[in-house]
Every structure is written in structure tokens, then in C-alpha cells.
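Asks: This structure is in C-alpha cells; I'll ask about it shortly.
Please treat every number below as a calculation from the coordinates, not as lab data. Predicted model, so just to flag it, every value in this text is computed and none were measured. With ideal geometry, Cβ positions are generated from the backbone for all residues, glycine too; neighbour counts draw on all protein chains shown.
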């Protein structure tokens, strides 16, 4: 029933067949309906990374979270619909090398061959925030989607390296062989969501990828990449609040004073960033 409620949130009235067309459609619908965000973490109450808990939140109209949440929940849905799914651990790419830690969860769907992808393996990813719009064929080389260019390199049984489009917010990921336990995901979720060192405890980030680009609120800065590119500061609380809700963030049950305090903290952090970067 949770899967059906999730599909209903995405605008579907029944369970589709496990085809490539379904995979692409679900990918688009999820990106449109469920933003990437770390609001609960920034408010000091991180949610569980358990896939069933996340799926229940999404199905009930609530927020998901970041990559562990999105991809974990979608994995459950895809399996329930009859897709063959693998889960892979991944590390974010840095300027030199990778983080070396589990900080991204990757899922791969197999058994859907096409002339362009005879191996039939596809990479749906709802957890990059400003990631790819369509699932990528798991084929080494360059993959273009509109104005955005992605690259899969060094694809082997040991995994692969993903290079994100240069206009987006991360460099990419080093993906390792299939096999990662939920216990490992939970432990790294605790690491990433616990202050003061947790990577998701420093700035509010809300992102949504659409058909022609992506929108991001980072701290109090709004950025549009792609069609309609724009950058502006959200100094007024009302503008900032409207921006994150326009991207699909649910504020049900969120205390307004706590939200105002978060906006104030993000404005201070932005001013400190400006002192350094201008």
C-alpha cells in the first residue's frame, strides 16, 4: 500500500509494468515531485535513512532527504514493481581522487536491453539533486541530455567513475562493485548528519532537476542552471521560504520560529562566505 501511495503522489493510479519506458517515466515523475533537501538535518532532527521509513514519508506527502533516502526508497519501489536492482556504494569525487567514504548510494537496474545499450543495465539516480534527468545507460563514454554532458569512465567489474556535467554542483562519483549493507548506510548517514563535522549540517541545500535544468537553494543563495539561468540572494525570510516551498519542500509540522532561525543562520553563513570569496 505504501508503494501505491508513492505512485499516487507521482500521479499514477496503478502499478506500471517493469519496462524501460516505466523506469524513465518514474525517474521524471520522482524528480518533479520530490526534491533533494537536508531540512530536517539543518533543524537538528535528522530523519532515518531506512528505505521503508523514507518511502512512507514520501508516500504521505513529506520530505525525503538526500541520496541515501531517495535512492534507497526508489530501490524498494522498483523491486516491488518487478525490476531487477543492484545497490552499489559510491564516494564523491574531489579535486584530487575521491572521498574514499560511503557518501552516495547508487542503484542499477538490469535486464532492459536496447540497440544502444545491449547489456541492458541502466543507472537511475534521484540522489544528486541536480543530476541527470533520464536514467543513464551503463555504457562507458559520453552521454548527452540536452545541454548537459555526463561521462562514465573505467567501467569494469570493479565499478566505474562518473563525471558530472561541469555546470553542476558536484564533480561526480567513484562507484564500487555491487553490495552495500543498510547498516553501512545507516552508519554513514549518522556521520554525514551529525554536527559539527557532518557534511550535511553546514548549509541548507534544496535542489530539483527538471527537463531543462535545475534549481538550487544553498544557504540563502538561489541558483538556476540551464534554461532561464539566474542567481539571486534570498535575504528576505518570506522570499527564502517561498523559494524552498516552490521547489516542493513540505513545511508541515515545521515550527516557524525554528525556520526563521535557520534563515538567519544561513544569512550569517553567506556573509561569512562573501568575506572570503567576494
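Asks: Provide Rg and Dmax in Å for the range 1-97, with only Cα atoms included in the calculation.
Replies: For the range 1-97, the Cα-based Rg and Dmax read 14.2, 47 Å.
Asks: Sticking with this one: Mind checking the log10 I(q)/I(0) for the chain at q = 0.14 Å⁻¹? Debye, one equal scatterer per Cα, no solvent, two decimals.
Replies: Log10 I(q)/I(0), no solvent term: -1.03.
Asks: Sticking with this one: Which of 128, 237 comes first, and how do the rest follow, when ranked by fewest Cβ neighbours within 10 Å?
Replies: With the sparsest Cβ surroundings first, the list reads 237, 128.
Asks: If I model a spin label at residue 144 and residue 110 as a point 7 Å from the Cα along the Cα→Cβ vector, what separation in nanometres do I get?
Replies: Taking the simple label geometry, residue 144 and residue 110 are separated by 3.1 nm.
Asks: Considering Cα pairs under 8 angstrom that are at least six residues apart, work out the relative contact order of the range 131-265 and quote it in whole percent.
Replies: That works out to 12 percent.
Asks: Right, something else. Report the residue, chosen from 181, 99, 110, that carries the largest GNM mean-square fluctuation when the chain is represented by alpha-carbon nodes joined by springs under 10 Å.
Replies: 181
Asks: Taking the beta-carbon count within 10 Å as an exposure proxy, list 234, 12 from fewest neighbours to most.
Replies: Lowest count first: 12, 234.
Asks: Could you pull the Cα extents of the range 61-164 along its three principal axes, largest to smallest, in whole Å?
Replies: 36, 34, 30
Asks: Now a separate question. Which value in Å does the Kirkwood hydrodynamic radius of the range 196-277 take, with 1/r averaged over all unlike C-alpha pairs and then inverted?
Replies: Computed over the range 196-277, the radius equals 13.5 Å.
Asks: Could you work out [θ]222 nm for the chain from helices alone, using -39500 (n - 2.57) per DSSP H run of at least four and dividing by all its residues? Round to the nearest 500 deg cm²/dmol.
Replies: Calculated from helices alone, the mean residue ellipticity at 222 nm is -10500 deg cm²/dmol.
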